[in-house]
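Coordinate-derived values only; no laboratory data. Predicted model, so just to flag it, every value in this text is computed and none were measured. Note that we place each Cβ from the backbone using ideal geometry, even for glycine, and neighbour counts take in every protein chain shown.
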Amino acid sequence: MDYFKIYPQAVYLYPEADGQLSGLLHYQLEQYGCFYKSRTCSVQVIKDESVDGKWSMVAPEFEAGNSSFVGFMEALNYYMIGVLGLDPFEAVEGSHKRSVSVHFNDVLFDVESRQMVKASPPPTTPSLRA
């Protein structure tokens, strides 16, 4: 039985005056098959100037003391960088966009394995006939 999953839905990032990116991460929680109302948290994208092009997205208000959310953010960063090949700074600076949005339609974070995995389609509800 699956204990706890986090479904990232989308992240919206906006440039800040000091060359950083801030935004909102939308996600949904599932515990023992029960889905909870969609949630949103503030995120920041931090660029490591000592390593060429290395960046990471953090959610400071949720990461403090919450190992499940820290693992989720680590896996989400890996997914965005390693799988999607996304560089939000390049997307904003290179194309002069006002924002960057990424939608996650087919993945979830499995807390037990601490990995992003492909989400299975939601079960269909049988139709009732009168």
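Results, tabulated for the structure shown:
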{"quantity": "Relative intensity, log₁₀ I(q)/I(0), of segment 20-92 from a Debye sum that treats every alpha carbon as a point, q = 0.14, 0.26 Å⁻¹", "calculated": "-0.50, -1.37"}
{"quantity": "Set of aspartates and glutamates with alpha-carbon distance to Lys97 below 20 Å, sequence-local pairs under 8 removed", "calculated": "Glu16, Asp18, Asp87"}
{"quantity": "Tyr32 paired with Ala119, simple spin-label distance in nm, labels 7 Å along Cα-to-beta-carbon", "calculated": "2.2"}
